[in-house]
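The values are calculated or read from the model by the stated rules, or taken from the named source; none is laboratory data. For clarity, every value in this text was computed on a predicted model and none was experimentally measured. Cβ placement follows ideal geometry from the backbone for every residue including glycine, while neighbour counts extend to all protein chains displayed. To get the accessible areas, we keep the full protein, side chains included, count just its heavy atoms, and leave off ligands, DNA and RNA. Shrake-Rupley method; radii C 1.70, N 1.55, O 1.52, S 1.80 Å.
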Amino acid sequence: MKIRCFLLACLLGLIHAAHAQTEKGTWALGLNAATGIWPNDPNTISSSTTRSSFRLTPSAGFFPKKNVFIGLGVPVEFGTTQYRFLGQSGEPPQFTSSSVGLSLIARRYFSEGRLKPFVHLEGSYSWNAITSTRDLQVAGLVGRTPATIRANAGVGVSYFVGNRLSVDATATLGVDDVQDAFRSSKLAPFNRFLLLGIGVNWYLSPRSK
């Protein structure tokens, strides 16, 4: 009987340790990879714009209270923008761009199991550079470095593999240029994007020191 009680206590201790990552005072290091899905942008009746992007975001943060995460990220993004005009011959104009930014991340986790859903909020300030173009008429735009403020919100789920590691999946809706949305008092369709990501987080609990 004593052996059974001892084994049960050990099992409960392991279960608690496996789900203690979101406790107050825990620090987390993360890496998220995501692809951006952008709607078609009809500039005029006779043209359209398509975009694609890939983002990699290392992050670090902590839990100021149980199940609440606050962190900073460094989103690095690569993308292409292609313009298609009706009646145009040859290859359509295309831009290749990159950006790096600084983002503030907030998450609220739910449940106490190994699988934890969460809501995700993120705002970022990014410096963008056009690195190449396939249209000689606009080649002078290469090197242009505008800055933008982005914001996205959505949901996700974390699966806690062990005591210090989780695998995450996220789906967020975002606004590409927050300043433009405020100036125009409306959210243009081509200013929105869907971000689908997968990542990992490494937890540093005070109890493990």
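In region 164-196, what residues are of a type in the set (S, T, N, Q) and either modelled with pLDDT of 90 or more or within 14 Å of ASN32 (Cβ to Cβ) (or both)?
Passing the criteria: SER166, THR170, THR172.
For the condition at pLDDT 85 or above, under 22 Å from ALA169 (Cβ atoms), more than 18 Å from the chain's Cα centre (by Cα) and assigned to a strand (DSSP E or B), what is the one hit in PHE69, PHE63, PHE54?
PHE63
Pull up region 109-122, narrow it to residues that are free of Cβ contacts under 8 Å to residues at least 40 places away in the same chain and assigned to a strand (DSSP E or B), then point me to the one that is least open to solvent (accessible area, probe 1.4 Å).
Within region 109-122, the match that is least open to solvent (accessible area, probe 1.4 Å) is VAL119.
In region 73-100, which residues are modelled with pLDDT of 95 or more and either β-branched (Val, Ile, Thr) or farther than 17 Å from ASP168 by Cα (or both)?
VAL74, VAL76
If I go through region 93-108 residue by residue, how many of them are under 25 Å from VAL155 (Cβ atoms) and open to solvent by less than 20 Å² (accessible area, probe 1.4 Å)?
If we filter region 93-108 for residues that are under 25 Å from VAL155 (Cβ atoms), which is where we start, we get 99, 101-108.
Then drop every residue that is not open to solvent by less than 20 Å² (accessible area, probe 1.4 Å), which leaves 99, 101, 103, 105.
The qualifying residues number 4.
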